[in-house]
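The values are calculated or read from the model by the stated rules, or taken from the named source; none is laboratory data. Being a predicted model, the structure only gives us computed values, none of them experimental. Positions of Cβ are generated from backbone atoms using ideal geometry, with glycine treated the same way; all protein chains shown enter the neighbour counts. Please note that ligands, DNA and RNA were not included when accessible areas were found on the heavy atoms of the full protein model with its side chains. Shrake-Rupley method; radii C 1.70, N 1.55, O 1.52, S 1.80 Å.
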Amino acid sequence: MRLVLCFLLFFQISFAQRFFEPADSLHLKRQKAVGISQAAIATGTLIGLNQLWYASYPRSKFHFVDDNSEWLQMDKVGHVYSSYQLGRLSAELWQWSGASKKQQRLYGAGIGFAFLTAVEVMDGFSQEWGASVGDVVANATGTGLYLAQDLLWEEQRIIPKFSFHQTNFATYRPEVLGANLTEQILKDYNGQTYWLSVNLHSFAKQSKLPKWLNIALGYGADGMLAGNPNDQVATTGFNARRTRQFYLSLDVDLTKIKTQSPVLKTVFSLINTIKLPAPTLEISQFGDIKYHFVYF
């Protein structure tokens, strides 16, 4: 939840600043605005998290926890998604300021990773949580996915995306999985799906494939009322079968749709963090196969 809240704050600042064409050369006023606003938002977010979240739990000496087996790794996939999108949106803000490619990579992706690392340090001083090496690795993976594509192809061909649908599991533990839709989007891993959306034309540039057409590979899970099954049974008495799901679907890369409008370019870039509803094939880890006419 904390990670998604951080992402939403960066999403908002990107939305506010990018209703203009990117500068084709260094624009000092824009660069100063981006630097100051990102620093202010990051600092304010960390202070807010400390007061609104961590202050409710006892402090401790800095310590690590091994949570890699919890939630069927849905939280770790969420870290990959959030770190990628934070890095991408931050880099696009620096592009808007006219910064060089090197500066976009260093300040954009670097700031996103540094910010998430700071959140992890705050976890380490909380008795309730603890720092997670798995989270740091996931954050680095998301940042690395952005940087690797930018260095290799100078474009993003494989985009992590997110979708959500409500489940019945939240009704059993609303204090953990959310009592309303907004909380459930942030907390209920059973309803979250994370995707790798692959742009087909970018890998076959001489083809007649639509430039906006993507194939999306998704990962989700359900049957979870607690981080691990032992806690789930002991805490709730609920012994549901915890199941991984894998998805194959169509998708759209909105950034490939041609438009001369800076407003639409900004909107398309921001919405491109979300997987659009589409026909989807679902395969569970136990071999069950389902077809969804529309899945979100």
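Test each condition in (1) outside any helix (DSSP H, G or I); (2) open to solvent by less than 10 Å² (accessible area, probe 1.4 Å); (3) of a type outside the set (Ser, Thr, Tyr) for residue 85 and report the one that comes out false.
Every listed condition holds for residue 85 apart from (1).
For the subset of the range 168-203 comprising residues that are at pLDDT 95 or above, open to solvent by 40 Å² or more (accessible area, probe 1.4 Å) and farther than 21 Å from residue 76 by Cβ, which member is nearest to the chain's Cα centre (by Cα)?
200
As an exercise: evaluate residue 279 against (1) open to solvent by 30 Å² or more (accessible area, probe 1.4 Å); (2) assigned to a strand (DSSP E or B); (3) touching a Pro at 6+ places or on another chain (Cβ under 9 Å) and give the number of the one condition it does not meet.
(3)
In the range 152-182, how many are touching a residue at least 12 places away in the same chain (Cβ under 8 Å), in a helix (DSSP H, G or I) and touching a helix residue (DSSP H, G or I) at 6+ places or on another chain (Cβ under 9 Å)?
Adding up the residues that qualify gives 4.
Which members of the range 147-167 meet the condition of being open to solvent by 20 Å² or more (accessible area, probe 1.4 Å), closer than 20 Å to residue 201 by Cβ and within 16 Å of the chain's Cα centre (by Cα)?
156, 158
What single numbered condition from (1) over 24 Å from the mean Cα position of the chain (by Cα); (2) at pLDDT 55 or above; (3) more than 24 Å from residue 180 (Cα to Cα); (4) open to solvent by 50 Å² or more (accessible area, probe 1.4 Å) fails to hold for residue 43?
Single failed check for residue 43: (1).
Output the qualifying pairs, or none if there are none: Cβ atoms under 7 angstrom, residues six or more apart or on different chains, first residue in the range 62-87 and acidic (Asp, Glu), second residue not in a helix (DSSP H, G or I).
From residues that are acidic (Asp, Glu), the pairs are 67/132; 67/227; 70/227; 70/228.
Looking at the range 211-222, which of its residues are open to solvent by 30 Å² or more (accessible area, probe 1.4 Å) and farther than 16 Å from residue 158 by Cα?
Answer for the range 211-222, where residues must be open to solvent by 30 Å² or more (accessible area, probe 1.4 Å) and farther than 16 Å from residue 158 by Cα: just 222.
In this structure, does residue 227 turn out to be surrounded by 14 or more Cβ atoms within 10 Å (Cβ to Cβ), closer than 27 Å to residue 289 by Cβ and either of a type outside the set (Phe, Trp, Tyr) or in contact (Cβ under 8 Å) with a residue 12 or more places away in the chain (or both)?
When the stated conditions are applied, residue 227 does not pass them.
Can you pull out the residues in the range 92-128 that are in a loop (DSSP other than H, G, I, E, B), crowded, with 16+ Cβ neighbours inside 10 Å and touching a strand residue (DSSP E or B) at 6+ places or on another chain (Cβ under 7 Å)?
The answer is 125, and nothing else.
Mind listing whichever residues of the range 53-103 are of a type in the set (Asp, Glu) and at pLDDT below 90?
92
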